[in-house]
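Working notes, beginning with the structure itself.
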Amino acid sequence: MEKNTLGKRIKEARLAKKMTQSEVVGDFITRNMLSQIESGSATPSVKTLEYLCKVLEIEPNALLPDENDSKNAPDAEGYISIRTEFINKNYKAVIEYDADDEFSDEICALKAKACLMMAREYSGSDSATDLQKALDLAKQASELSKRGVFADESVKSKADELLKANAKRLSDYYRSLL
């Protein structure tokens with residue numbers, strides 16, 4: 001579903017309840033975020049959608065496209081597939097997944113954790129190539145961990161620690177070659 005279609009349906013449900021944006025958001029999200037969701041400039045997470053459905057007293061399927069809509073429902077299948085890959089420790093598949101869908105915040109969080117796990121694996125090697133891969137993955141984990149509603153400071157912190165440790169190891173390795 002397109003973001004603006006989802007946002008329109010949320011706004012219609014809110015207006016049907018004669019609620020203001022401030023009344024809907026409570027302490028869960030900001031009024032500005034709801035405004036962005038309703039205008040289609042932001043995509044809500046699954047958790048946010050669940051919250052909005054509860055407050056607006058609507059079923060989640062009320063936000064999904066009608067059978068006559070030309071667009072498909074959100075790519076829940078893709079998210080479930082990537083989540084399964086993560087559980088099965090197929091981190092490479094998680095990292096390579098294109099997250100341009102309704103579940104991009106969730107997938108971004110999974111990618112950050114997958115990058116961290118692969119960085120740890122490569123960190124166990126003494127190969128300069130593997131250490132460089134560990135650095136690249138730790139940097140990617142650090143960046144991804146700051147994004148979206150599932151931003152995770154602990155993943156960022158662990159990735160940054162790994163980044164520093166491997167940068168030092170790689171630096172020491174190159175110094176030994178001189």
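Some points to look at:
- Pair list, Cβ < 6 Å and 6+ apart or interchain, from region 1-16 residues that are over 16 Å from S104 (Cα atoms) to residues that are at pLDDT below 90 and of a type in the set (A, V, I, L, M, F, W, C): R9/L63; A13/I58
- Residue match in region 118-139 (condition: outside the structural domain of T48 (by TED's automatic domain parsing), outside any helix (DSSP H, G or I) and closer than 30 Å to A42 by Cα): no
- Every residue from region 9-44 that is surrounded by 14 or more Cβ atoms within 10 Å (Cβ to Cβ) and under 16 Å from G148 (Cα atoms): F28, I29, M33, L34, Q36, I37, G40, A42, T43, P44
- Flag if L170 is surrounded by 20 or more Cβ atoms within 10 Å (Cβ to Cβ) and not assigned by TED's automatic domain parsing to the domain that holds E50: no
- Residue match in region 77-87 (condition: closer than 29 Å to N61 by Cα, surrounded by 19 or more Cβ atoms within 10 Å (Cβ to Cβ) and modelled with pLDDT under 90): yes
The values are calculated or read from the model by the stated rules, or taken from the named source; none is laboratory data. Note that this is a predicted model, so its numbers are computed, not measured. Positions of Cβ are generated from backbone atoms using ideal geometry, with glycine treated the same way; all protein chains shown enter the neighbour counts.
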